[in-house]
Amino acid sequence: MGMLVEGHWIDEDGNSRGSGGKFDHLPTYFRDFISSDGSSGLKAEPGRYHIYATKTCPWAHRTLLFRHLKGLTKVIGLHLGESGNEGYRLDINGPHVVPGTDEQITYLHEIYTLSNSSYTGRVTVPTLWDEKEKRIVNNESSEIIRMFNSEFNEYSENHYDYYPNELRNEIDDINELIYSKVNNGVYQAGFSSNQAAYEEAFDALFDAFEMLEDRLSKQRYLCGERITEA
Ligand SMILES: N[C@@H](CCC(=O)N[C@@H](CS)C(=O)NCC(=O)O)C(=O)O
């Protein structure tokens, strides 16, 4: 799908996806955290942050779900893109001007280079942008939903906690299984480039489905007796 190398888009992403026919998700690069009181260096403020997403991406979906569930649709901006010839296009409904700047851009990868002009890595959705500091805060969906869950309560009517203290260990464990075997497992099967790698990923995925099916045949929610982020 292409990637950025030293700030330049290349269409060929070669071996960046792992070896032996196996698909690997590279570690996510932007990992800053927004906090309600600003102690992390980035303060939760209405209108300051924006999510870049696509309707097709399951990782992006969870951030869109949380934006709605937590009543943050007027607090966090949303910009939808679509797959194009250089990763994701942002000008699907007309020219896109990057919030907080005068930059008119076409591709999502341009906000990565606005953030870090020599960035090397993948350009992914979801991406969380800060219009005040004019940079990407975070592009890891599991961390973005945690920020939406706990740090913007001052601006939201829904204070429900989807990551409650008493269930955190259980949620972390089930998330780990779902991430490695299901979410990433689907990509590992779909993007594997030989039969053995495909079968390995396929078996792990369906073993995980069995395990989750078993769990959900005995309880309504994956963790505890209430809805959580898991
Ligand atoms: N760990 C990331 C993964 C996000 C991700 O892989 N998104 C896909 C779309 S479903 C993507 O943008 N892929 C583009 C690429 O890898 O070049 C997250 O959970 O936020």
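Overview of results
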{"quantity": "Partners for Lys132 among lysines (Cα-Cα distance below 21 Å; same-chain residues under 8 apart left out)", "calculated": "Lys43, Lys74"}
{"quantity": "Calculated FRET value between Thr106 and Ser36, using beta carbons and R₀ = 30 Å, to 0.05", "calculated": "0.30"}
{"quantity": "Global size of the range 3-155 as Cα Rg and Dmax, reported in angstrom", "calculated": "15.3, 49"}
{"quantity": "Partners for Lys134 among aspartates and glutamates (Cα-Cα distance below 14 Å; same-chain residues under 8 apart left out)", "calculated": "Asp32, Asp102, Glu103, Glu110"}
{"quantity": "Theoretical gain in end-to-end length, Ser83 to Lys132 [0.36 nm per residue, Cα-Cα removed]", "calculated": "14.9 nm"}
{"quantity": "Residues of type lysines that Lys181 reaches as a straight line, Cα spacing below 30 Å, ignoring anything fewer than 8 places off in the same chain", "calculated": "Lys22, Lys55, Lys70, Lys218"}
{"quantity": "Label-to-label distance, nm, for residues given as Phe202 and Val97 (7 Å Cα→Cβ offset)", "calculated": "5.2 nm"}
{"quantity": "Solvent-free Debye scattering, log10 I(q)/I(0), computed from the Cα coordinates of the range 165-216 at q = 0.24, 0.29 Å⁻¹", "calculated": "-0.85, -1.03"}
{"quantity": "For Ser117, solvent-accessible area (1.4 Å; no DNA, RNA or ligand), Å²", "calculated": "90 Å²"}
{"quantity": "Chain lengthening between Val5 and Glu166 when straightened (0.36 nm per residue, less Cα-Cα)", "calculated": "53.7 nm"}
{"quantity": "The chain - percent of accessible surface contributed by carbon and sulfur, probe 1.4 Å", "calculated": "49 percent"}
{"quantity": "Rg to Rh quotient for the range 132-230, alpha carbon positions, Kirkwood Rh", "calculated": "1.07"}
{"quantity": "Cα→Cβ-extended label distance, 7 Å offset, between Asp173 and Lys74, nm", "calculated": "4.2 nm"}
{"quantity": "FRET efficiency, His159 to Ser180 (Cβ-Cβ, R0 25 Å, nearest 0.05)", "calculated": "0.20"}
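The values are calculated or read from the model by the stated rules, or taken from the named source; none is laboratory data. Remember, predicted model here, so these are calculated numbers, not experimental data. Positions of Cβ are backbone-derived with ideal geometry, glycine not excepted, and every protein chain shown enters the neighbour counts. These accessible areas exclude ligands, DNA and RNA; they are computed on the full protein's heavy atoms, side chains included. Shrake-Rupley method; radii C 1.70, N 1.55, O 1.52, S 1.80 Å.
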